Number of protein chains: 2
Amino acid sequence: MKSKHSLIARTLGLSATFLLLHNSVPVVAGEVEKAVEYRQGVMNVFSWNMKAMGDMMKGKTEFDKARFAAHAEELSNASKFKLMNGFPEDSESDESDALAEIWMDFEDFESKFQDFGSAAQALDKAAQGGDKGSMGAALKETGKSCKACHKKYKN
Amino acid sequence: MKSKHSLIARTLGLSATFLLLHNSVPVVAGEVEKAVEYRQGVMNVFSWNMKAMGDMMKGKTEFDKARFAAHAEELSNASKFKLMNGFPEDSESDESDALAEIWMDFEDFESKFQDFGSAAQALDKAAQGGDKGSMGAALKETGKSCKACHKKYKN
């Protein structure tokens, strides 16, 4: 049913949340909103740490092994969060860049998130090792895993 | 200087970000925006997990020890994030509920965040213990530590 509403909303160019709000189960809209806030929150944590490490590698900010390692550790820890809980079925929203394709092949979506987790954990390990070249390479791999998922599932 | 701009902006009822954007160091506005996204992201992770545990305790959703413990663990892990990095000096923004009082007594702000961390870690421990009463009590304490900080430092 939610999926149908969301399709109608897109067809009419209206907000799915609006339709849900004016439907029989108003609580659903609030739940979707909370889920969107959570998943975007986690993504912001990813992005914050990725950017800080990227800036160091690009020389935009001073390279500092300990600071890099702290960001890699935070990223790795956040990658272990139960982010998939933030994508309940058909939780599309005008506030979200998540594409409907996510729920058409959730297994693939989840597997891409696991790839990111593996890359983030390898980056954490490389950062602990302290070799700048390995850290750069591992950061690049992590970035690739972000893009692989965004390309398919993010607006 | 940032502080002065922000005061002027508030006096004129204008956006501090707007003033910063049209000033000599345009990169600052982008940095503030990123910091705001990060700190709000972390707060959303806190809120998502707190709400899930609260809903279980209130009987809004079914109480499930394992699910509760997973939320307590995620909260505890997120409480170890370097959230203070998301509050660079005078990073007020129209997109943020953070009050200027934060930077007037940053030590106190930081100490309140540490109190929250201790409470979240105690909650995680209680959740592992599996006694519902202790879990409820620890959740309540954690909620109190959120409120203690929001009361003083959140709009």
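Shielding by partners for peptide B:79-91, expressed as the average number of C-beta atoms from other protein chains within 10 Å of each residue's C-beta, is 2. Diffusion of the range B:40-110 by Stokes-Einstein, at 37 °C in a medium of 0.692 mPa s and with Rh set to the Kirkwood radius over alpha-carbon pairs, works out to 236 µm²/s. What the phi angles of the range A:58-70 give under the Karplus curve with 6.51, -1.76 and 1.60, with θ = phi - 60°, is a coupling list of 7, x, 5, 10, 5, 6, 9, 3, 5, 5, 4, 5, 5 Hz, glycine and proline written as x.
Using only Cα atoms, what is the ratio of the radius of gyration of the range B:83-155 to 2.2 N^0.38 Å?
Details: Rg = 14.4 Å, N = 73, 2.2 N^0.38 = 11.2 Å.
Dividing the Cα Rg of the range B:83-155 by 2.2 N^0.38 Å gives 1.29.
For A:E101 and A:A148, compute 0.36 nm times the residue count separating them, minus their Cα-Cα distance, and round to one decimal in nm. Show your work: numbers first, answer last.
Working: separation 47, 0.36 × 47 = 16.92 nm, distance 1.38 nm.
Roughly 15.5 nm would be gained on extension.
Return the whole-Å distance between the Cα centroid of the range A:123-151 and the Cα centroid of the range A:46-70. If we compute the Cα centre of each part, the gap is 11 Å. Per-residue accessible area (protein heavy atoms, 1.4 Å probe) orders B:H71, B:H150 as B:H150, B:H71, starting from the largest.
How much length is gained on full extension from A:D64 to A:S111, taking 0.36 nm per residue of separation minus their Cα-Cα distance? Working shown, then result.
Details: separation 47, 0.36 × 47 = 16.92 nm, distance 3.23 nm.
Answer, rounded to one decimal: 13.7 nm.
Among the listed pairs A:K154/B:K125; A:K112/B:K140; A:K65/A:K144; A:K147/B:K125; A:K154/B:K144, a Cα-Cα separation exceeding 30 Å is found for A:K154/B:K125; A:K112/B:K140; A:K147/B:K125; A:K154/B:K144. What number comes out for the charge environment of B:N85, summing +1 per Lys or Arg and -1 per Asp or Glu over other residues with Cβ under 11 Å away? The answer is +3.
The values are calculated or read from the model by the stated rules, or taken from the named source; none is laboratory data. Please read all numbers here as calculations on a predicted model, not as lab measurements. FYI the Cβ positions are ideal-geometry reconstructions off the backbone, even for glycines, and counts take in every protein chain you see. Note: accessible area is taken over every heavy atom of the protein model, side chains too, but ligands, DNA and RNA are not part of it. Shrake-Rupley method; radii C 1.70, N 1.55, O 1.52, S 1.80 Å.
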